[in-house]
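Below is one structure, written out as structure tokens; the observations come after it.
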Amino acid sequence: MSGVRVLVGSRKGAFVLTADGKRQNWNVAGPYFAGWEIYHMKGSPADPNRLYASQTSGWFGQIIQRSSDGGKTWEQPGTQPGEPTTTPDGMPKAESNKFVYDTSPKSGKPLTTHQWYDGTQHPWEFKRVWHLEPSIKDPDTVYAGVEDAALFRTTDGGKSWHELASLRGHGTGPQWMPGAGGMGLHTIVLDRKNENRMFVAISAAGAFRTDDGGKNWKAINQGLRSQYIPDPTAEVGHCVHRIAMHPSRPDVLFMQKHWDVMRTDNAGELWKEVSGNLPTDFGFVVDVHSHEQETIYVVPIKSDGEHFPPDGKLRVYRSKTGGNEWEPLTKGLPQQNCYVNVLRDAMAVDSLDKCGIYFGTTGGQVYASADAGDSWAPIVRDLPAVLSVEVQTLS
Amino acid sequence: MIRVTLPYHLRTLARVGEEVTLTVGGPVTLNAVLDALEARYPMLAGTVRDHNTQQRRPFLRFFACGEDLSLEALDYQLPEEVISGAEPFMIIGAIAGG
């Protein structure tokens, strides 16, 4: 019997929503980690019962949580209570919530500052983990995108984390600058056909690609045009909000930028705009239908100054042509007096037939469509503001 | 034994009650108590002191015997009443919001 497990991160805890393949009757579990911000939760493709969560707090900093039973129970994967916290030779043991930037000469590219709002250089300061992306093959390997922007990796199930420093050090790092929401590495897209290739996106720096497992990186922002920066076509400085890929076609990416919906057909070498007839091309989320490579979804938001849907109508827009030609999907969604936002990590698709689409709002609703977006229904209506939504298709 | 009271979210993280007791070897300084706390409860490492700077997190405060010790150096020796266990060392989360 197939089913789905929807992982919801919110401002005040985590929730796990489950249903069978019909996706009509839902069980809601949680809140887990009540009172904490859960920026992101995601399951391992290699072991669906292995989940990771980023638990953060302005008071207490960053915590990493791990579940090995599909979210029923959780643990911090570092040193356990009662165990020595140092090795016999006095070295600190693994600390699962310790994210320390690599500035060692050995990395070859130590980097300590980036551009600040006033144009001066500012030290890199770790704030939180925005996104966790488990490896496709190994449940113990996970990538973490953090603020201030950097990429970390664990290979021991989250017990310890190490920076892939060549991203910050590849050359443009000193030019990166935080946007209004901070300078977060929020998007990590792995290539299922080529484990050495990975895409990341940073606000407000842009998109980057590695083809050698993170040793070298390339800014892939050609074709982006951002009127809000001094040079609208600069190599970096673009506020990319989200990138999505169909796993079977990794050279084709779709991007929701601050303004503009974009696509590339050559792994980011050149982007072209596909906003077409959208009512506004500002927004945060973008995702791809699990069975139709040219069917994509966005949720238009009025503007960067007004983070809510145009005209108070919550509409998902679907393009079946890979962009440019869009249709509004409204059945089951509020079409008046709706002023919520849908944040960048808050949309996901399952791989059932028909494809299920899920998204969460800052108003605490999580909507699901079991028919590829033709109709929608809320799974829950009154959660805390939703920060992230992921879905696992279970067999 | 040193008595330490924790804010609610650190209690839930460590799965303990409002107060824990610790054995501290050597001088009972702020740092020594926090080291002992993290050694006994490794899941609290980095939650009171920033991992990178080892400084008190800005929204946490330290109190003992009615005194605010938050701005004392981390090698500050705690009062005798705390060392004897008569008074707790209190880690308090700032009330922020409004």
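What follows draws every value from the coordinates through simple rules; no lab data is involved. As the structure is a prediction and not an experimental result, all values here were calculated from the model. As a convention, Cβ positions derive from the backbone with ideal geometry for all residues, glycine included, and neighbour counts pool all protein chains shown.
Side notes on the structure shown:
- Sites residue B:73 and residue A:337 - FRET efficiency at Förster radius 51 Å, r taken between beta-carbons, to 0.05: 0.40
- A simple spin-label model places pseudo-atoms 7 Å from Cα toward Cβ; at residue A:277 and residue B:59 they are separated by 4.6 nm.
- Judged by the mean number of other Cβ atoms found within 10 Å, the most tightly packed of the peptides A:359-366, A:243-250 leads the ranking A:359-366, A:243-250.
- Farthest toward positive dipole pole in the range B:2-93 [+1 Lys/Arg, -1 Asp/Glu at C-beta], among B:20, B:78, B:66: B:20
- Partner aspartates and glutamates for residue A:12 [C-alpha distance under 15 Å; skip if fewer than 8 residues away on the same chain]: A:37, A:382
- Only lysines eight or more places from residue A:320 in sequence, or on another chain, were considered; those with a Cα closer than 29 Å are A:22, A:42, A:193, A:257, A:272, A:302, A:331, A:354.
- Across peptide A:61-71, the average count of Cβ atoms from other chains found within 10 Å of a residue's Cβ is 2.
- Simple point charges give the picture: +1 on the Cβ of Lys and Arg, -1 on the Cβ of Asp and Glu, and for the range B:2-93 a dipole about the Cα centre of about 440 debye.
- More than 39 Å apart - percent of Cα-Cα pairs taken over chain A: 12
- Centre-to-centre, using Cα atoms only, the range B:52-86 and the range A:336-395 are separated by 46 Å.
- For the peptides A:175-188, A:65-78, residues were scored by their other Cβ atoms within 10 Å and the scores averaged per peptide; the highest-first order is A:175-188, A:65-78.
- Shown here is the pair-distance distribution of the range A:173-286: with all Cα-Cα distances grouped in 5 Å bins from zero up to the longest one, the shares run 2, 13, 24, 27, 20, 10, 4, 1, 0 percent.
- Modelled FRET efficiency - R0 41 Å, residue A:75 with residue A:304, Cβ distances, 0.05 increments: 0.55
- Spacing of the modelled spin labels on residue A:125 and residue A:395, each 7 Å from Cα toward Cβ, amounts to 4.8 nm.
- Residue-averaged [θ]222 nm for chain B, counting only DSSP H segments that reach four residues, each worth -39500 (n - 2.57): -6000 deg cm²/dmol
- Residues whose amide H comes within less than 5 Å of that of residue A:96, counting only those at least five positions distant or on another chain, are A:78, A:79 (H built at 1.01 Å from N in the peptide plane).
- This ranking places A:106, A:257 by how few other beta-carbon atoms lie within 10 Å of each, fewest first, which gives A:106, A:257.
- Descending by average beta-carbon neighbour count within 10 Å, the peptides B:86-94, A:203-211, B:61-69 line up as A:203-211, B:86-94, B:61-69, the highest first.
- In the range B:2-93 the Cα-Cα distances spread across 5 Å bins starting at 0 as 3, 14, 28, 30, 19, 6, 0 percent of all pairs.
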